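What follows is one structure encoded as structure tokens, with my remarks underneath.
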Amino acid sequence: MKTVRILSMAGGHTQLASLWLARSHKGVNIFQQFHHSLVICGYSLCLVAMVVISGCEKITNISAPEPNDSTTVLKASDFQPASSCKNCHPKHFDEWSGSMHAYALEDPVFLALRRVGQSQYINALNGLCEGCHSPIGKRSNEIKWGPISAESLSPVTQEGIGCDACHTITSLSRLSNAGFVLSPGTKHGTLRDPQANNVHASTFNDLYQSSEYCGSCHDLVTDAGLGLETVFREWRQSGFQMTGKTCNECHMATYSGTAAVGGPVRTVHDHRFIGADIALISFPNQTDQLAKVTAMLRGALTVSHDIPASVTAGSNLPLRVTLTNDKTGHDVPSGVPFIRQIWVSLIVRDQQGATIYQSGQLDANGDLMDKHSGFPERDQNLFNTQASMLRADSSETGFPWDAAYLTNPSIKPGETRVVDYQVPVPGSASGTLSVEIKLRFRSFPPYVIRSLGLENLLPIPIIDMAELQQTVVIQ
């Protein structure tokens, strides 16, 4: 039997909710039976750790004018491609070139999802995704409903989220769904004293120092009011907002350098926009990107374990893994939690190296051994934070456009998740046991990639967020 406990600290008091994940008479665990209606909603640094039945709250998308109204005609030619910025800003250009912003319109998973969605809903799903993946392509109407042909697009549209897509934002009309206003021409940023030059006008804009600036894209709300991506909302509800710590402080680290060739040395921002995603195709600076993403993920949670130093043969070895989100200003995982996986891998071996217990291992297809596995064996003790998208009838869907609800067991800011295992020790065991614990992450499960016909992208890299080991003496 395995127990998962959710702890949320508030004013010195501990709120506790326990999910007893035991085998039922049908041989599946209780969490899987209630998968379609069980939602874990911890609230950051505050009052509650709850188990809620019948789905999470929907988000009301506040009515607001369109980011660029119908009287504003934007043309792709009004904007400059990133390549035109390279000569003056080589360092930032190189950082951006290997970023997820540069990857946005080349992402094969995004393109495949768009293709599948539009094949199911003719003349629908037009622009919701492109608004962020290629803001200029969407606002200029270069990207229309139907297949995207890169050859037919201007360079500034092809680059996805380029320099001008961010640095010509002048204001926000809403805090989701690309709710920003683009005004080509003057470049906006965080420098209070930008250097005059003969290429473009520059100005300080306080908006660029705020998390709201990022939230205009990094929250995605469907027409039905369902929050599919809620990174900004999570930050806003966490204690990080009260400390004044913004998105930029983690995802655009500062360093001493020049913003432009020949400019003064000052504090500038890294334009790699490091998060949890990595490029799945050949892409600039991939080795550096993977190293930076790995370092960030390794610092996302505090992971510890509690295991007795000794155990009696023939008894159960109690083993506890504790995960605390005390370092991150949003849920872990966040972004698109319905495709991101964070799970505990546990292997216990005897003195001869034979495995006596395991959980969190992969099947022959590389999938976790849960309901998505193509093989009959199930991991009844699996701990996995992956969210699920549900239709109105509570059946699961793999596609965001069909989702009415989202069940999300991500770890909230300030929350501690405790995972307990009972490991049967054979009566014949002697000597020592070795315990190996890993907290593992990957951006996509293989079954999702296969469903989109993208087997060429497999295997998806797995990043170990933490690795713990201990030897236990058998008495």
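Each value in this text was obtained by applying a stated rule to the coordinates, not by laboratory testing. Small disclaimer: the values here were computed from a predicted structure and weren't measured. With ideal geometry, Cβ positions are generated from the backbone for all residues, glycine too; neighbour counts draw on all protein chains shown.
Each residue in 327, 292 was given a count of other beta-carbon atoms within 10 angstrom of its own, and listing them fewest first yields 327, 292. Counting only aspartates and glutamates at least 8 places from residue 138 when in the same chain, those with an alpha carbon closer than 14 Å to its own are 66, 69, 78, 130, 159, 164. Close amide H pairs (under 5 Å, H built 1.01 Å from N) link residue 415 with 45, 325, residues at least 5 positions away or on another chain. For the range 305-312, putting each phi into the Karplus relation 6.51 cos²θ - 1.76 cosθ + 1.60 with θ = phi - 60° gives couplings of 9, 9, 9, x, 6, 8, 8, 8 Hz, in residue order, rounded to whole numbers and with x for Gly and Pro. In order along the range 267-282, the phi-based Karplus estimate (6.51 cos²θ - 1.76 cosθ + 1.60, θ = phi - 60°) of 3J(HN,Hα) comes to 7, 10, 9, 6, 9, 8, 6, 5, x, 9, 8, 9, 6, 9, 10, 4 Hz; Gly and Pro are listed as x.
For a quick check: sort 328, 246, 287 by the number of other beta carbons within 10 angstrom, fewest at the front.
287, 246, 328
When each of the peptides 405-411, 147-153, 375-381 is scored by the mean number of other C-beta atoms lying within 10 Å of its residues, the order from highest to lowest reads 405-411, 375-381, 147-153.
Across the range 460-475, computed HN-Hα scalar couplings (Karplus, 6.51 cos²θ - 1.76 cosθ + 1.60, θ = phi - 60°) run 6, x, 9, 10, 8, 6, 7, 9, 10, 9, 7, 9, 10, 7, 8, 9 Hz from first to last residue, x flagging Gly and Pro. Taking amide H positions as modeled 1.01 Å from N, with prolines and chain starts lacking one, the residues under 5 Å from residue 171 and 5 or more places away or on another chain are 181. Neighbour counting of Cβ atoms within 10 Å sorts the residues 218, 305, fewest neighbours leading, into 305, 218. Summing charges over neighbours of residue 467, with a neighbour being any other residue whose Cβ is under 10 Å away from its Cβ, gives +1 when K and R count +1 and D and E count -1. Annotation for the range 260-308 versus the range 381-439: alpha-carbon center distance of 25 Å.
Other residues whose C-beta falls under 11 angstrom from the C-beta of residue 185 contribute a net charge of -1, scoring Lys and Arg +1 and Asp and Glu -1. Counting 0.36 nm for each residue step from residue 349 to residue 94 and taking away their Cα separation leaves a gain of 87.2 nm.
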